[in-house]
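Here the structure is laid out as C-alpha cells; the discussion comes afterwards.
The values are calculated or read from the model by the stated rules, or taken from the named source; none is laboratory data. Because the structure is predicted, anything quoted here is derived from the model rather than measured. As a convention, Cβ positions derive from the backbone with ideal geometry for all residues, glycine included, and neighbour counts pool all protein chains shown. In case anyone asks, the SASA skips ligands and DNA or RNA and just uses the protein heavy atoms, side chains included. Shrake-Rupley method; radii C 1.70, N 1.55, O 1.52, S 1.80 Å.
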Amino acid sequence: MTTKNMETFLDPQYLEEILGSFSKATGLHIEAVNRKGETLAILGSKKRNDFCQYIRSNSRGEKKCLASYKEAILEASKWNEPYFFRCHAGMIIWAVPIIFDNVFLGSIICGQVLLWKPDEFFLRELKKSNYKDLDFETLQQKVKSLPISSPEQSQAAADMLFVVVSHLVKRNIHTLEEENAYHQQRLQIKTDLENRKKHNKNAEFIDYGKYLKKERRFLSYIRLGDKTRAENCLKDLLTDLLTKTAGERTTLKVRVLELASLSSRAAVEGGADPEQAMGILKDFNTEINNIERVEEFFVKVHKVISTFLEGIFNLADKKHLSLVTNARNFIIENYYKPLTLKATADYLFISPSHLSRLFRMELDCTFNDYLTRVRVEKAVELLKKPEYSVAQVSKAIGFKNQSYFAEIFRKYIGVTPLIYKNSLF
C-alpha cells in the first residue's frame, strides 16, 4: 500500500458528487489536498473567496498557503480526526485526514472562514505579513466580504465532514477488495483453462450432459452442507460454462442465474431459512444484471453460494461448529457402513446424547435423519449409472433391506428407486 496515493485511491467522480453536495449544503469551500499540501481538486462550485484568491496571486502568499496546508494535514494525520488551524493570513480552516492501511494519503481541507468579525488586531496582523506585491487597501476591502462562522457551526461542519470522508474511505476499501477479488478470479480462470487444454485437447467441446451431472452433484453437496466439496465443484462448473459459452456474456449470465436459483432451493432443502434464501437470491439477480465482466459473474456467484451454505450451517458456537462439521464429514465419508450415533460420537470423543443434542439444536434434524439424507443423495447419483441395479445401489449405500431402502427413497424423492431409474433410460 505504500505506493498508493490519493489520486488513485479515491474515485474522482464520486468524490466530486459527495463532497460537492456537502459544499452546496454548507456553503463551505472544500479542497482535496495531497501529502505535500498541494491542491488536487476544488470540490463543488464554491470557489476560494476573493480574499484568499488575492493572497494566492502573490508567489510568497502562495508558498505560505502551501506551508499552512502541509503543517495542518500532518497534524490531522497524527490524530486521525479533524484538525482546526489558523492559516498565515488569519483564516480558520480544518483538515480531515485520509488514511488507508495505516498510510496517510492526504486530506480534505474545508473552511476559509472567520470565527469573529475582523477587528483592528486582525488587520494589524495582516499588515505585518508584509505582502509587498499586494495592495493593503485592496486586502482591507476583501476582508469585509469574508464569511463568518460560529465555533459551534464550524465544529459541526468538521464532524459532519469527518463522517463523509470516513464513508468515502470505507467505500474505496470495499472497491479495492472487490477489484483484487476480480483480479484473482481472472488468474484462476486463466489457470483453469490452461490446465484443461494441457490435459484435454478437446476441452472446448463440453458436453452439457456431463455438465448437468456435475451440477446435480454440486446441488447434492449444497443440500448436505458440504462447503469444501461444493466450492470445488462450483469452480469446475464455472470453468465448464466459460468454455461452453466461449465467454459470451448473455448466455453466461443466464446459466449463472439459473445455477444460483437452483442453489438457493438446494440450500432451503438443506435447512437454510426460505425467506432469507429468497431474499439473497433476489438481491443477487438485481446485482448481476449490471455486471459486464466475466470474472465479476464468477466472484458474485461464489459469494452468494457461500452465503447459502452459511445459511445451512450457521452455528454461533465455534466449538459446536467444529464438532458438527466433523460429525457431518465423518458421515459423508462413511455413509455406506453400518454407521451408528455411538460410533460417530466415539470418533469425536463425545457422548452420544451430546452429539444427538447438537444435531437437533444446530441442524434441526436427528443423526439418523442426516445419515439417511446423505445415503439418498448418494443413491440418486448411483442410480444414474446403468451398470448399477437397485439392489446393488441399496447395498452400496448401506441399506441391508432393499424394501426399506425403497420406502425411504420414495419418502425423500417421491417415487420408488426402480421408477426413478427407469425414467432415466
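Identify, please: which residue in region 30-82 is charged (D, E, K, R) and not in a helix (DSSP H, G or I) and is, among those, surrounded by the most Cβ atoms within 10 Å (Cβ to Cβ)? Spell out the reasoning first.
Here is the first cut: in region 30-82, the ones charged (D, E, K, R) are 31, 35-36, 38, 46-48, 50, 56, 60, 62-64, 70-71, 75, 78, 81.
This time we only want the ones that are not in a helix (DSSP H, G or I), so: 31, 35-36, 38, 46-48, 81.
Details: GLU31: 23, ARG35: 18, LYS36: 10, GLU38: 13, LYS46: 18, LYS47: 10, ARG48: 16, GLU81: 13.
This residue is GLU31.
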Extreme residue, nearest to GLY414 (Cα to Cα), among residues of region 325-379 that are free of Cβ contacts under 8 Å to residues at least 12 places away in the same chain and in a loop (DSSP other than H, G, I, E, B):
THR366
Only one of GLU62, GLU81 is within 24 Å of PRO147 (Cβ to Cβ), under 39 Å from the mean Cα position of the chain (by Cα) and charged (D, E, K, R); which?
GLU81
Name every residue in region 338-360 that is out of contact with any helix residue (DSSP H, G or I) (no Cβ under 8 Å at 6 or more places or on another chain) and either open to solvent by 70 Å² or more (accessible area, probe 1.4 Å) or under 22 Å from GLU269 (Cβ atoms) (or both), in order of residue number.
PRO338, ASP346, PHE349, ARG357, ARG360
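Would you call PHE367 closer than 30 Å to LEU323 by Cβ and in contact with a Leu (Cβ under 7 Å, 6 or more places away or on another chain)? Step through it out loud before you land on a result.
On the way: closer than 30 Å to LEU323 by Cβ: yes; in contact with a Leu (Cβ under 7 Å, 6 or more places away or on another chain): yes.
Taking the combined requirement at face value, the residue satisfies it.
For region 90-105, which positions are open to solvent by less than 10 Å² (accessible area, probe 1.4 Å) and of a type in the set (A, V, I, L, M, F, W, C)? Walk me through it before giving the result.
Pass one, region 90-105, residues open to solvent by less than 10 Å² (accessible area, probe 1.4 Å): 90-91, 93-98, 105.
Listed by number, the residues that qualify are MET91, ILE93, TRP94, ALA95, VAL96, ILE98, LEU105.
Which of the residues belonging to region 113-132 are in a strand (DSSP E or B) and either open to solvent by 10 Å² or more (accessible area, probe 1.4 Å) or under 12 Å from ALA76 (Cα atoms) (or both)?
Taking region 113-132 first, the residues in a strand (DSSP E or B) are 113-114.
Within region 113-132, no residue meets the criteria.
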Show the residue pairs that are 6+ apart or on different chains and have beta-carbon atoms under 7 Å apart, the first residue being within region 47-62 and touching a residue at least 60 places away in the same chain (Cβ under 8 Å) and of a type in the set (Val, Ile, Thr), the second being part of a loop (DSSP other than H, G, I, E, B) and surrounded by 15 or more Cβ atoms within 10 Å (Cβ to Cβ).
ILE55/ALA89
Scanning region 415-425 residue by residue, those open to solvent by 50 Å² or more (accessible area, probe 1.4 Å) and of a type outside the set (Val, Ile, Thr) turn out to be LEU418, ASN422, SER423, LEU424, PHE425
When you scan region 380-425 for helices (runs of 4 or more DSSP H) that lie fully inside it, which ones turn up with 2 or more residues that are modelled with pLDDT of 90 or more and touching a Leu at 6+ places or on another chain (Cβ under 8 Å)?
390-396
Could you tell me how many of the residues in region 83-112 are farther than 16 Å from LEU161 by Cα, free of Cβ contacts under 8 Å to residues at least 40 places away in the same chain and in a strand (DSSP E or B)?
1
All but one of (1) hydrophobic (A, V, I, L, M, F, W, C); (2) modelled with pLDDT of 90 or more; (3) exposed (fewer than 13 other Cβ atoms within 10 Å of the Cβ) hold for ILE108, so report the exception by its number.
(3)
Quickly run through region 386-401 and pick out the residues that are farther than 21 Å from GLU333 by Cα and either open to solvent by 90 Å² or more (accessible area, probe 1.4 Å) or within 44 Å of the chain's Cα centre (by Cα) (or both).
PRO386, GLU387
Those residues of region 1-28 which are surrounded by 12 or more Cβ atoms within 10 Å (Cβ to Cβ), part of a loop (DSSP other than H, G, I, E, B) and at pLDDT below 70 amount to LYS4, ASN5, LEU10
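Kindly indicate whether ASN289 is under 18 Å from ALA266 (Cβ atoms), polar (S, T, N, Q) and surrounded by fewer than 14 Cβ atoms within 10 Å (Cβ to Cβ). Before the answer, list the steps.
Working: under 18 Å from ALA266 (Cβ atoms): no; polar (S, T, N, Q): yes; surrounded by fewer than 14 Cβ atoms within 10 Å (Cβ to Cβ): yes.
So ASN289 does not fit the description; no.
State all residues of region 209-252 that are open to solvent by 40 Å² or more (accessible area, probe 1.4 Å), part of a helix (DSSP H, G or I) and more than 20 Å from ARG265 (Cα to Cα); if no residue qualifies, say none. I'd like the intermediate steps shown before the answer.
So the first thing to find is which residues in region 209-252 are open to solvent by 40 Å² or more (accessible area, probe 1.4 Å), and the list is 210, 212-214, 216-217, 223, 227-229, 231-232, 235-236, 244, 246, 248-251.
Adding the requirement that they be part of a helix (DSSP H, G or I) leaves 210, 212-214, 216-217, 223, 227-229, 231-232, 235-236, 244, 249-251.
Hits for region 209-252 are LYS210, ASP236, LYS244, ARG249, THR250, THR251.
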Selected residue [touching a helix residue (DSSP H, G or I) at 6+ places or on another chain (Cβ under 8 Å) and surrounded by 16 or more Cβ atoms within 10 Å (Cβ to Cβ)] from LEU262, LEU323
LEU323
